[in-house]
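Below is one structure, written out as structure tokens; comments come after it.
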Amino acid sequence: MNLAEFWRSLSQDAELKVSLAQPAPYEIRWVVPVVLGVVAVLCLTAGSAASILLGVVLLLVTAGTVVWIWRESAVRAASRGAWSTLLYCRRCPNQFPPDKALAA
């Protein structure tokens, strides 16, 4: 049985409704990278060697943060997509991809 269909068929107060739920989407919060980027630009425009070095380091941290956010978002999207294709065995409560299904 398709897991998504089985999950939708459960009543709202069913215990399985929570444990079999689709993974939550990643909530992207751009506040940290934007603030880091603004501070980095301010440091780069200050002019002293120490502030320029700090600005470069902050730009690298900003880039790393953006990459981390992008990767986490992609991983969550992939897990949500995989969830929608999973099958569910009601005899032995297991979830498995369709290519691992055995003919009964």
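Summary of values
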{"item": "The stretch 1-32, residues that are assigned to a helix (DSSP H, G or I) and surrounded by fewer than 12 Cβ atoms within 10 Å (Cβ to Cβ)", "result": "GLU5, ARG8, SER9, GLU15, VAL18, SER19, VAL31"}
{"item": "Residue match in the stretch 77-92 (condition: under 27 Å from the mean Cα position of the chain (by Cα) and farther than 26 Å from LEU10 by Cβ)", "result": "no"}
{"item": "Residue that is farthest from SER19 (Cα to Cα) [pool: residues in the stretch 95-104 that are modelled with pLDDT of 80 or more and not hydrophobic (A, V, I, L, M, F, W, C)]", "result": "ASP99"}
{"item": "The stretch 46-104, subset of a type in the set (D, E, K, R) and within 19 Å of TYR26 (Cα to Cα), residue surrounded by the fewest Cβ atoms within 10 Å (Cβ to Cβ)", "result": "ARG71"}
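The values are calculated or read from the model by the stated rules, or taken from the named source; none is laboratory data. Fair warning: this is a prediction, and the values are worked out from it, not measured in the lab. Note that each Cβ is placed from the backbone with ideal geometry, even for glycine, and that neighbours are counted across all protein chains shown.
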